[in-house]
1. More than 17 Å from residue 169 (Cβ to Cβ) and surrounded by 12 or more Cβ atoms within 10 Å (Cβ to Cβ): which single residue out of 202, 246 fits that description?
2. Answer yes or no as to whether residue 23 is surrounded by fewer than 16 Cβ atoms within 10 Å (Cβ to Cβ) and in a strand (DSSP E or B).
3. I'm trying to understand the selection: among the residues of region 46-76, which are out of contact with any strand residue (DSSP E or B) (no Cβ under 6 Å at 6 or more places or on another chain) and either crowded, with 20+ Cβ neighbours inside 10 Å or outside any strand (DSSP E or B) (or both)?
4. Can we say residue 183 is touching a strand residue (DSSP E or B) at 6+ places or on another chain (Cβ under 8 Å), surrounded by fewer than 18 Cβ atoms within 10 Å (Cβ to Cβ) and either in the same structural domain as residue 35 (by TED's automatic domain parsing) or free of Cβ contacts under 8 Å to residues at least 60 places away in the same chain (or both)?
5. So, restricting to strands (runs of 3 or more DSSP E) that lie completely within region 87-163, which ones have at least 2 residues that are over 26 Å from residue 239 (Cβ atoms) and in contact with a strand residue (DSSP E or B) (Cβ under 8 Å, 6 or more places away or on another chain)?
C-alpha cells in the first residue's frame, strides 16, 4: 500500500488596512488604522498612562475595544478584555480634534447622548468607549442602560468613565487659515463678500466653511464652497469641524486682514458713515493724489504759526510773541505767554479740522463742560 502525506491547509495571510488610512469617520471622530512600528496619530485619544504599559490610547480590533501602547514612540501591541498575554499588531485608534471629556458613570444609568459607540455584538450589545483608572476599554449595554466596564488589566467593574466628544467653539482657541468651521446653531448664513457686495456670500445649513485669515481679535474671513470670501465675521457664532486642512491655500482677499486695515462688523458703522472707499483709503494710507487735500496756506504776519512749525527751533511762537516787547514787568510777560498758548490750541484745532475735512470725515466738537480758564497773573480764573 502506497503511503501518502497529509497536507496541512495553507495559511492565508490576513489583509489589513494601510496604516494611517481612515476606516470609519463620523462628524466628530474617526477610526484610523495603526500597525506595530508605525507612529500613533497626533490626534489619537489618549486615556493616560498605566504602570504596565506607559502611555495608552483607545483602540479597537475585530469588534473588541481595548488599548494600544507604544514602544520607542511607535505603536507596539493592541490588547483587550479577555486576552491575558496575547496582543495584536494591528488595530484602529480613535482620533478627534474636538473637545474630549470623560464623565463618571455606573451600572444601570442611562447613556449620555454624546457617548462614542465602538461596536456591537451578541454578548455585549452595543459597546461604548470608556476607561477605568486611565485604562481604556469597553462599556457594555444591559436593557438599554449602562452595563459593565471591561478592560484588559482592570477586568470587569461597575464604575468607570464614559467618553464624550463635543464640538469645540471657535472662542476656545485662535483659528488659523485652513480650519473648517460651521455655524453653532446649524442655520444658514448670509454675509457681505470681500468686495462689499451685500448678501453675496452664502452658507447653507450645516455646511462647512474654511478660515481664510484671522484678525487680532480672533474673528475671521471665511471661504465657502462657491469660492467666495466673506467679510470679517464674529467667531462666537461658529465651531470647529474636523481636522485642519494643511494643504489649503487661501485665496488672497481684496482687503488683507491686519490689526490696522481689517474692516470688521465692529468698524462697519464707521465705514458706512464716512464712506467705505474713503474710510479704507484713509486707514491704509492709499489716498490718491487727486483726493489729497491741498496743504494749508502759509501763515501771514498776523496769523500765529502752527504748533509743529512754531517749535522747531526750540523757541516757537511763544518766543516770537515775547519778542514784541522786551520791556515790561513779569505780569505782562505771563499774560502774553497765556495768549500764545491759546493761539497754539486754536491753530492746532483748525489744522485737525482741515485734515479731517480733506479725508471726508466730520469733525465733531463736544461742548466743553466749563469755560476755558484764562491766565491772569499768578492765578487761574474763569472767564465771566
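1. Result: 202 is the single residue among 202, 246 that is more than 17 Å from residue 169 (Cβ to Cβ) and surrounded by 12 or more Cβ atoms within 10 Å (Cβ to Cβ).
2. So residue 23 passes the test.
3. Within region 46-76, 51, 52, 62, 72, 73 qualify.
4. Taking the combined requirement at face value, the residue does not satisfy it.
5. Working: elements: 90-95, 99-106, 117-121, 125-132, 135-142, 145-151, 155-157.
In region 87-163, 90-95, 117-121, 125-132, 135-142, 145-151, 155-157 are the strands (runs of 3 or more DSSP E) which contain 2 or more residues that are over 26 Å from residue 239 (Cβ atoms) and in contact with a strand residue (DSSP E or B) (Cβ under 8 Å, 6 or more places away or on another chain).
One line per residue, one yes/no per condition, for (1) surrounded by fewer than 21 Cβ atoms within 10 Å (Cβ to Cβ); (2) at pLDDT 95 or above; (3) closer than 20 Å to residue 27 by Cβ:
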site: 93; (1), (2), (3): no, yes, yes
site: 97; (1), (2), (3): yes, no, yes
site: 121; (1), (2), (3): yes, no, no
site: 138; (1), (2), (3): no, yes, no
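The values are calculated or read from the model by the stated rules, or taken from the named source; none is laboratory data. This is a predicted model, so every value here is computed, not measured. Virtual Cβ from ideal backbone geometry, glycine too; neighbours counted across all protein chains shown.
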